[in-house]
Amino acid sequence: MKTSQECMMPLKENSRHITFVPVGGLANRMKGVNSAMTLARKSNATLEIIWFTGWELNCPFHQLFAPIGGNGVTVKEATRLDYLIHDRPRRKNLYVPRIFQRFLFDKAMYESETAEHALKNSDFTVWCNMETHYIAAFCDFCVEEGSRKFKMFEPTKELQERIKENVNRFNAHTIGIHIRRTDHAIAIQKSPTTLFIKRMEEEIERDETTRFFLATDSEEEKKTIQEAFGERIITSPRKADRNSVSGMQDAVVELYTLAATRHIIGCAGSTYAKTAAEIGDVGYEVLLSANYSK
């Protein structure tokens, strides 16, 4: 750790460095990485992104996306040593990483604090004023207005081929549907399936040729929607599974397929469909039950 006198000394050009740990599921991590790269550019800092796998996202970065590099940015898969010194301090690891991080970094900000400052629209470039920084995040915290988000992400060639196969089944009026279920209580309670069926019927009334691309983490929901709309539904034949490498690859394929639709309809509390809309620069709406409007 540097002394207070050393911390007050003017910084040399490119002397700042940020170590960033993306947290959460796919969309949350993509938002965090996008913000970290924006912060690094604005702060004239180098950036190392350390990609940990876990129950939220159990897949290495390189099996989902092409390498991100250049301009002082690197992405690395977490090693055993990283789990000891660079993981987020929490009960699971007995908060041991915090001990090392106190010596390795001039400043550290963990995901809850990052989210709190993001809600306050704090200027993170002001915070990033020393030499070494550690940030963990699952949200947008440094966004540049007018710039296209997520442009740094490019699915692997194999996944791009699968995305292309899906999109080739689209017609001129294909709408994206994302129904989040499993453990997501907010989406289940506030965005019931009946709302999706009603909204989809309205789209068909407007245009008889309407088709839908359905992305969901629930096989039950997939069956319900297919029974209701038959051949209008385009969806993955694979069983929904977010706890495996193949399952997370499916999630990337569905994300970018949603992004290619003309409009996306999603659930309350889920960032996945909104991320797809931002990738594709298309319209996005959340279905919300009148019982939960407040």
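The residue list Glu145, Glu131 contains one member that is of a type outside the set (A, V, I, L, M) and at pLDDT below 95, which is Glu145. Asn166 fulfils the conditions (1) buried (at least 18 other Cβ atoms within 10 Å of the Cβ); (2) at positive phi; (3) of a type in the set (S, T, N, Q) except for a single criterion, (2).
Six or more apart or on different chains, Cβ atoms under 6 Å: show the pairs whose first residue is in the range 70-95 and closer than 16 Å to Ala36 by Cβ and whose second is surrounded by fewer than 17 Cβ atoms within 10 Å (Cβ to Cβ). Cβ pairs passing all conditions: Gly72/Thr46. Restricted to the range 217-264, and to residues there that are touching a His at 6+ places or on another chain (Cβ under 7 Å) and over 19 Å from Cys59 (Cβ atoms), the residue that is surrounded by the fewest Cβ atoms within 10 Å (Cβ to Cβ) is Arg262. Against the condition in contact with a Pro (Cβ under 8 Å, 6 or more places away or on another chain) and under 19 Å from Phe150 (Cβ atoms), how does Ala118 come out, does it pass? So Ala118 fails the test. Can you tell me which residue is nearest to the chain's Cα centre (by Cα) among those in the range 23-46 that are within 20 Å of Val252 (Cα to Cα) and among the aliphatic types (A, V, I, L, M)? Filtering first and then ranking leaves Ala27.
The values are calculated or read from the model by the stated rules, or taken from the named source; none is laboratory data. Just so it is clear, the model here is predicted, and its values are computed rather than measured. Counting neighbours? That spans all protein chains shown, and the Cβs are built from the backbone with ideal geometry, glycine included.
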